[in-house]
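The values are calculated or read from the model by the stated rules, or taken from the named source; none is laboratory data. Being a predicted model, the structure only gives us computed values, none of them experimental. For neighbour counting, all protein chains shown are included, and Cβ atoms are generated from backbone atoms with ideal geometry for every residue, glycine included. We work out accessible area using only protein heavy atoms, side chains counted, and drop any ligands, DNA or RNA first. Shrake-Rupley method; radii C 1.70, N 1.55, O 1.52, S 1.80 Å.
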Amino acid sequence: MLTIGLTGGIASGKSTVAAMFRDLHIPVIDADEIAHRVTAINGEAYKPIVETFGHDVLDANGAIDRRKLGAIVFDNEQKRKQLNAIVHPLVRKHMLQQKEQYAKQKEKAVVLDIPLLFESKLEHLVDRILVVYVDEQTQLHRLCERNGFSVEEARARMKAQMPLEEKRKKADAVIDNNGTIEETKRQLYACLVRWGVLGK
Ligand SMILES: CC(C)(COP(=O)(O)OP(=O)(O)OC[C@H]1O[C@@H](n2cnc3c(N)ncnc32)[C@H](O)[C@@H]1O)[C@@H](O)C(=O)NCCC(=O)NCCS
Ligand SMILES: Nc1ncnc2c1ncn2[C@@H]1O[C@H](COP(=O)(O)OP(=O)(O)OP(=O)(O)O)[C@@H](O)[C@H]1O
């Protein structure tokens, strides 16, 4: 089974490319989704997060308010490291469990969608690394549009990650997602043909 690491920057288009993989019936394991699951009220990270960050990060229903927690951790590297130390080992554990399942099912390929693949030094978990790239202006614009962030909020999040220029240099393949969705899809298919995942 070929394990493909899908990464990029915040709002660079990973989920968009992940959907293209799913359309091809190639399974995708999504680190963000697992992080959301483990931080939900009944999740394994819920209690340690409340103990570390206090009840101020909860909403009226007692759930973790991601906007509030985001405002704290994207403004303070120390706090972000504390959150990462709680959430990341759990995300890794669940990703590896899911990957094992797909290996047992004899899937030809599986995708690990991990925004922080390089930052967390997880390159060893995958056979090939695909970076979804956009220029900084497009990234900022799409992030503000999608999340309703101010330019400041968006920049704080972008600054919490390795610059996309650096990530693209470390990739086995780069998809330029500045253009249309169709152009992105064509680049993905060409890459998968090169890697022997798709026939010509
Ligand atoms: C800080 C939180 C509460 C903000 O929630 P929010 O709904 O605004 O964002 P969401 O979870 O959808 O993440 C969106 C994107 O933000 C970026 N991001 C998220 N967490 C981090 C982080 N710790 N460091 C750098 N970038 C991050 C990623 O590119 C991610 O794709 C949430 O992201 C979180 O719990 N983060 C810690 C876990 C984590 O690192 N997740 C990302 C990869 S596993
Ligand atoms: N080629 C494109 N043309 C126009 N809009 C796009 C394109 N690709 C993605 N988008 C839009 O840009 C935004 C970010 O894309 P997407 O959600 O796929 O990024 P992501 O890398 O998964 O983000 P995150 O790191 O926050 O999870 C979305 O609103 C998406 O619809």
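Table: residues versus (1) over 23 Å from M158 (Cβ atoms); (2) more than 16 Å from ligand 2 (Cβ to nearest atom); (3) at pLDDT 95 or above.
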| position | (1), (2), (3) |
| --- | --- |
| T39 | no, no, yes |
| E44 | yes, yes, yes |
| T52 | yes, yes, yes |
| V57 | no, yes, yes |
| V73 | no, no, yes |
| L90 | yes, yes, yes |
| V111 | yes, no, yes |
| I114 | no, no, yes |
| D135 | no, no, yes |
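What number of residues within segment 66-92 are in contact with an Asp or Glu (Cβ under 6 Å, 6 or more places away or on another chain) and more than 30 Å from G5 (Cβ to Cβ)?
Result for segment 66-92: 0.
When residues of segment 159-174 are filtered for being within 16 Å of I10 (Cβ to Cβ) and not polar (S, T, N, Q), how many remain?
Looking only at that region, the number is 9.
Of the conditions (1) of a type outside the set (V, I, T); (2) open to solvent by 20 Å² or more (accessible area, probe 1.4 Å); (3) under 24 Å from L83 (Cβ atoms), D113 clears all except one; give me its number.
(2)
Each row is one residue, and each column tells you yes or no for (1) among the hydrophobic types (A, V, I, L, M, F, W, C); (2) more than 20 Å from the chain's Cα centre (by Cα); (3) surrounded by 18 or more Cβ atoms within 10 Å (Cβ to Cβ).
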position	(1), (2), (3)
L58	yes, yes, yes
L69	yes, no, yes
R80	no, no, no
M95	yes, no, yes
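Using beta carbons and a limit of 7 Å, which pairs, at least six apart or on different chains, have the first residue in segment 32-56 and open to solvent by less than 60 Å² (accessible area, probe 1.4 Å) and the second one modelled with pLDDT of 95 or more and aromatic (F, W, Y)?
Taking only residues 6 or more apart or on different chains, the pairs are T39/Y46; A40/Y46.
Mind listing whichever residues of segment 85-104 are over 19 Å from L116 (Cα atoms) and of a type in the set (A, V, I, L, M, F, W, C)?
Residue satisfying the conditions is A103 alone.
Out of the residues in segment 59-70 that are more than 16 Å from ligand 2 (Cβ to nearest atom) and among the small types (G, A, S), which is farthest from N42 (Cα to Cα)?
Among those residues, the one meeting the criterion is A60.
For segment 93-109, state whether one or more residues are within 12 Å of ligand 2 (Cβ to nearest atom) and part of a loop (DSSP other than H, G, I, E, B).
Scanning segment 93-109 turns up no residue that is within 12 Å of ligand 2 (Cβ to nearest atom) and part of a loop (DSSP other than H, G, I, E, B).
Might you let me know whether segment 4-27 holds any residue that is under 20 Å from the mean Cα position of the chain (by Cα), within 11 Å of ligand 1 (Cβ to nearest atom) and open to solvent by 50 Å² or more (accessible area, probe 1.4 Å)?
yes
Output the residue which, of all residues in segment 133-154 that are more than 11 Å from ligand 1 (Cβ to nearest atom) and under 17 Å from the mean Cα position of the chain (by Cα), is farthest from L2 (Cα to Cα).
Ranking the candidates gives L140 first.
Out of the residues in segment 3-28 meeting the condition of being in a helix (DSSP H, G or I) and without any contact (Cβ under 8 Å) to a residue 40 or more places away in the chain, tell me which one is nearest to K99 (Cα to Cα).
Applying the filter and picking the extreme gives R22.
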